[in-house]
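J.: This is the structure I want to talk about, given as structure tokens.
Please treat every number below as a calculation from the coordinates, not as lab data. What you see is a predicted model; the values in this text were computed from it and never measured. Virtual Cβ from ideal backbone geometry, glycine too; neighbours counted across all protein chains shown.
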Amino acid sequence: MTFESFEAGDKARFVITHTEPPNRDELVDISGGWHAHIDTLEALLRGTKPKSFWVNIAELEKYYGALYLLDAAG
């Protein structure tokens with residue numbers, strides 16, 4: 001796993017690369033989990049209240065589950 005940050009104008013881009021998940025279910029878990037953690041970090045840095053972590057992760061895992069089904073279909 002690698003973490004990178006880049007300047008992007010007056011903002012920053014933060015990239016997490018998690019390589020070779022063992023299967024699709026793990027890929028969905030990893031994607032939803034990192035996304036939920038970064039959503040929380042972003043809200044805190046902006047001084048706003050983050051979404052409920054578990055509600056957010058459930059929504060994100062549904063999103064990534066559907067996305068990776070579409071990717072597998074070609």
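J.: With percent of Cα pairs over 17 Å apart defined as stated, name the option among (1) 34; (2) 66; (3) 54 computed from the structure displayed.
T.: Computed from these coordinates, percent of Cα pairs over 17 Å apart corresponds to label (3).
J.: Gain in length, LYS51 to HIS37, computed as 0.36 nm per residue apart minus the alpha-carbon separation, to one decimal in nm?
T.: My answer for the length gained is 4.0 nm.
J.: Based on the mean of other Cβ atoms within 10 Å per residue, sort peptides 46-56, 5-15, 29-39 so the most packed one is first.
T.: Packing order, densest peptide first, comes out as 29-39, 46-56, 5-15.
J.: Further question on the same structure: Can you list the lysines whose alpha carbon sits under 27 Å from that of LYS62, skipping same-chain ones fewer than 8 residues off?
T.: LYS49, LYS51
J.: Moving on to the next point. Modelled label-to-label distance, THR2 and ASP25, 7 Å Cα→beta-carbon offset: nm?
T.: If labels sit at THR2 and ASP25, their model points lie 3.0 nm apart.
J.: Return the single residue from LEU44, LEU27, LEU60 with maximal mean-square fluctuation; model: Gaussian network over the chain, springs between Cα atoms under 10 Å.
T.: LEU44
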